[in-house]
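Scroll down for the structure; my scribbles are underneath it.
Bear in mind that the values in this text are calculations on the coordinates, not laboratory data. As the structure is a computational prediction, the values presented were derived from the model and not from experiment. Cβ atoms come from the backbone with ideal geometry, glycine included; neighbour counts cover every protein chain shown.
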Amino acid sequence: MVKLTSVPGWSGRIWARTGCTFDATGIGKCQTGDCGGRLECDGNGAAPPTSLFEITLGQGNEQDFYDVSMVDGYNLPLLVQPRGVYGTGTCNATGCVTDINRGCPKELQVVGGDGYQGGVIGCKSACEAFGSDQYCCSGEFANPTTCQPSYYSTLFKQACPKAYSYAFDDATSTFICKAFEYDIVFCPNSNRYVSLPLQFVTTYLQNKILTFN
């Protein structure tokens, strides 16, 4: 579990990397969530498919905006819970606690090796898998009128109703709150998150990657 203490004006993304191997100089790779093949991400974002927690913390009395996103695909279940709530806002827990990898369509599957015995370790978004404007909400589909939920994004939404399933899934996926801190729990339905090394839990902050140690 990662505790994110409220820092006014902070904006970032948090994700977990899995299947990581690095040498003594910090060079290596992760099977999911990799950020440029380095232990320290140094400004690189997460390679999809990756489950993301995204948050913008308000200044002063301004509210926080947060969401869990599967727009870049899925690698691990996660749950986010605001703590020390004050002021106005819904302040609901959000996340994706379903193991989407178990039901991931074959055409979206990322299959691992190196100890994973060929199991599914990630589920791509349709945008990542097929690259079409219709799935990526780009080109003529770059607005909420023309970019509608697809068969694949609907599968994600059914599994995780509170998480973003495609780019314009705002209405049921963005939450507003004012809280002193946010608990981010990976693999909340098991003890697996306890053994997840915190150096593999990464945040994107103002175009810089920071790593929890």
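Given N residues in region 3-109, what is its alpha carbon radius of gyration divided by 2.2 N^0.38 Å?
Working it through for region 3-109, the quotient is 1.23.
Given the pairs LYS3/LYS106; LYS124/LYS162; LYS106/LYS157, which span a C-alpha to C-alpha distance of over 29 angstrom in this model?
Going by Cα-Cα distance, LYS3/LYS106 fall outside the 29 Å limit.
What's the exposure ranking of ARG17, ARG38, ARG83, going from fewest to most Cβ atoms within 10 Å?
Numbers: ARG17 26, ARG38 18, ARG83 14.
Starting with the residue having the fewest Cβ neighbours, the order is ARG83, ARG38, ARG17.
Among PHE175, PHE156, which comes first, second and so on when ranked by fewest other beta-carbon atoms within 10 Å?
On the way: PHE175 21, PHE156 28.
Arranged by neighbour count, lowest to highest, PHE175, PHE156 become PHE175, PHE156.
Please compute the modelled spin-label separation between ASP133 and ASN92, points set 7 Å along Cα→Cβ, answer in nm with one decimal.
Roughly 3.4 nm, to one decimal.
With θ set to phi - 60°, apply the Karplus curve 6.51 cos²θ - 1.76 cosθ + 1.60 along region 126-133 and write out the HN-Hα couplings as whole Hz, x wherever there is a Gly or Pro.
5, 4, 5, 6, 10, x, 8, 4
Would you mind checking which residues have amide H under 5 Å from GLY19's amide H? H placed 1.01 Å from N; only 5 or more apart, or other chain.
GLN31
Name the residues whose placed amide hydrogens come within less than 5 Å of the amide hydrogen of GLY73, ignoring near sequence neighbours (fewer than 5 apart) on the same chain.
HN-HN under 5 Å from GLY73: THR50, SER125.
Hey, can you grab everything whose amide H is under 5 Å from the amide H of TYR164? Only 5+ residues off in sequence or another chain; H modelled, so Pro and N-termini drop out.
VAL68, SER69, MET70
Based on DSSP H runs of at least 4 residues, each adding -39500 (n - 2.57), what is the mean residue ellipticity at 222 nm of the chain after dividing by all its residues, to the nearest 500 deg cm²/dmol?
Numbers: 4 runs with 22 residues, N = 213.
So the calculated ellipticity at 222 nm is -2000 deg cm²/dmol.
Need one number: convex hull volume per residue for the chain, Cα atoms only, in Å³. Display every interim value, and only then the final one.
On the way: hull volume 26.8 nm³, N = 213.
Cα convex hull per residue, to the nearest whole number: 126 Å³.
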